[in-house]
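So the structure is just underneath, and the comments pick up after that.
The values are calculated or read from the model by the stated rules, or taken from the named source; none is laboratory data. On a predicted model such as this, the values are computed, not experimentally measured, just so you know. Cβ: placed from backbone, ideal geometry, glycine included. Neighbour counts: every protein chain shown. The protein model used for the area step is the full one, side chains on, heavy atoms only, and it has no ligands, DNA or RNA in it. Shrake-Rupley method; radii C 1.70, N 1.55, O 1.52, S 1.80 Å.
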Amino acid sequence: MKKITGYLPDNVGFYPDMTGRQNLRFTGRLNGLQGEELEKRIDEMLKRVGMTNAADRKTGTYSRGMKQRLGIAIALLGHPKLLVLDEPFVGLDPSASVVLKQNMHALCEEGSAIFFSTHVLDVAEKLCNKIAIIKNGELVVSGETSELTHGKSLEEVFMEVVKGD
């Protein structure tokens, strides 16, 4: 399962005394990548998330946004068939957000599935073809985005669903 799944937690953590490149290498090896294939993927991911210049700095010096970018690179490293992202846009600047959205679209076009949680309903409405709304830990609404919204915004639908709280 680890070989086909990429994961980005809400609070990304790294070994602060290791560089971004070392963190990528460590995680890649844990997931079965090695040798030239691993190094090629590391370089590709660093480029993709705009971290090439900071790759050899210790992650303890990284800003929140840089840590988020590195976390995205790690999640994408193994070219996942399933990508699980928890609040992936937190801490990203606009250009990094665009790059993440492009990566998400590309993965979907290649047949991967993406499951992500967000409190930014505009982003979910624009990116997702299926939506699920959870209230008090329970699934209360799910389905195709267009069927759930019926000309309303996702924010309006959400407020109707959670009404009374």
Quiz item: What number goes with the only condition from (1) open to solvent by less than 10 Å² (accessible area, probe 1.4 Å); (2) modelled with pLDDT under 90 that PRO80 does not pass?
Solution: (2)
Quiz item: In the stretch 72-90, what residues are farther than 17 Å from SER117 by Cα and assigned to a loop (DSSP other than H, G, I, E, B)?
Solution: LEU77, GLY78, HIS79, PRO80, LYS81
Quiz item: Which residue, of GLY13, GLY35, is free of Cβ contacts under 8 Å to residues at least 12 places away in the same chain and either under 23 Å from SER63 (Cβ atoms) or among the hydrophobic types (A, V, I, L, M, F, W, C) (or both)?
Solution: GLY13
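Taking the stretch 1-48 on its own, how many of its residues are assigned to a loop (DSSP other than H, G, I, E, B) and exposed (fewer than 15 other Cβ atoms within 10 Å of the Cβ)?
13
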